[in-house]
Amino acid sequence: MTRILVVDDEPQILRALRINLRARGYDVEVADTGTAALKAAGSHPPDLVVLDLGLPDIDGVDVIRGLRGWTTVPIIVLSGRAGSEDKVAALDAGADDYVTKPFGVDELLARIRAVTRRLAATTADAAPVVVASRVGRHTVNLVDRTVIRDDGAEVRLTPTQWAMLDKLLRNPGKLISQRQLLHDVWGPEYQHETNYLRQYMAQLRRKLEDDPARPRHLITEPGMGYRYRP
């Protein structure tokens, strides 16, 4: 059973999500502050986090950073902040998706299903053609899902970052179109969210390329898509 931690300071939202998610077979834990969320996640690690940014004690972006210090659990932001700066900050901190309040429960459930599908897709491939690849000073193992820098340090990737990188590295030299990446990583309902691709590619380059402004391996083909250049 998928365990979901819902973090929000509005009691009615916590109650509604707890009822709706449990009715659909999820195991749900709730927290109304950032401190409580980090404590709950540390005590009973969830499979997915639904997180409000406007918490009374700790900003939600800082909660994301706190989680990302030790876990790659998928994080869906649920927030009344509709500005692009807030979305960019949350995604940069390590969030996997962003839903703006007010929201429909059906939409949130669809986002949850999409994120869990991405996680399953990057872990269930039993016989990959490509086992390991080099990106700059990093060795990426697609079976163990590890990224090891040449000095021995491990680089952590979120589930969405893994899904995108996995798709590129399994097709070395091949152009992967924007539409195909959006479909395979996020799902068919995300066909026009090209801003997601730009944001996550920027994150991957910052983590893996020697010079993110002049990437040698994770290449953008303007207006077409992306390719991995070995």
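The values are calculated or read from the model by the stated rules, or taken from the named source; none is laboratory data. Everything quoted here is computed from the prediction, not taken from an experiment. Cβ: placed from backbone, ideal geometry, glycine included. Neighbour counts: every protein chain shown. Surface accessibility is based on the protein's heavy atoms, side chains included, excluding ligands, DNA and RNA. Shrake-Rupley method; radii C 1.70, N 1.55, O 1.52, S 1.80 Å.
Some values worked out for this structure:
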item: Test: I58 is out of contact with any strand residue (DSSP E or B) (no Cβ under 6 Å at 6 or more places or on another chain) and either surrounded by fewer than 23 Cβ atoms within 10 Å (Cβ to Cβ) or in contact (Cβ under 8 Å) with a residue 24 or more places away in the chain (or both); result: yes
item: Within the stretch 189-230, considering residues that are part of a helix (DSSP H, G or I) and among the hydroxyl-bearing types (S, T, Y), the one surrounded by the fewest Cβ atoms within 10 Å (Cβ to Cβ); result: T194
item: Per-region count, the stretch 90-110, residues under 24 Å from G66 (Cβ atoms), assigned to a helix (DSSP H, G or I) and open to solvent by 40 Å² or more (accessible area, probe 1.4 Å); result: 1
item: Identity of the residue in the stretch 177-188, over 13 Å from M201 (Cα atoms) and open to solvent by less than 50 Å² (accessible area, probe 1.4 Å), that ends up farthest from the chain's Cα centre (by Cα); result: S177
item: When residues of the stretch 112-169 are limited to those that are of a type in the set (S, T, Y) and at pLDDT 80 or above, the one surrounded by the most Cβ atoms within 10 Å (Cβ to Cβ); result: T160
item: Meets criteria (out of contact with any Phe, Trp or Tyr (no Cβ under 8 Å at 6 or more places or on another chain) and open to solvent by less than 60 Å² (accessible area, probe 1.4 Å)) for K39; result: no
item: Selected residue [modelled with pLDDT of 95 or more, within 25 Å of L204 (Cβ to Cβ) and buried (at least 20 other Cβ atoms within 10 Å of the Cβ)] from L51, L78; result: L51
item: Any pair with Cβ under 7 angstrom, 6 or more apart, that starts in the stretch 150-178 at a residue that is without any contact (Cβ under 8 Å) to a residue 12 or more places away in the chain and ends at one that is surrounded by 12 or more Cβ atoms within 10 Å (Cβ to Cβ); result: E154/T146; E154/V147; E154/I148
item: N171 of a type in the set (S, T, N, Q) and either assigned to a strand (DSSP E or B) or within 20 Å of R134 (Cα to Cα) (or both); result: yes
item: Residue match in the stretch 155-167 (condition: more than 14 Å from R118 (Cβ to Cβ) and either acidic (D, E) or not in a loop (DSSP other than H, G, I, E, B) (or both)); result: no
item: Which listed residue, of L17, L78, is within 18 Å of K101 (Cα to Cα), touching a strand residue (DSSP E or B) at 6+ places or on another chain (Cβ under 9 Å), assigned to a helix (DSSP H, G or I) and touching a residue at least 60 places away in the same chain (Cβ under 8 Å); result: L17
item: Evaluation of G25 against (1) open to solvent by 70 Å² or more (accessible area, probe 1.4 Å); (2) at positive phi (one fails), failing number; result: (1)
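Conditions (1) touching a strand residue (DSSP E or B) at 6+ places or on another chain (Cβ under 8 Å); (2) farther than 22 Å from R156 by Cα; (3) open to solvent by less than 50 Å² (accessible area, probe 1.4 Å); (4) not β-branched (V, I, T), marked per residue:
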position: E10; (1), (2), (3), (4): no, yes, no, yes
position: T35; (1), (2), (3), (4): no, yes, no, no
position: R65; (1), (2), (3), (4): no, no, no, yes
position: K87; (1), (2), (3), (4): yes, no, no, yes
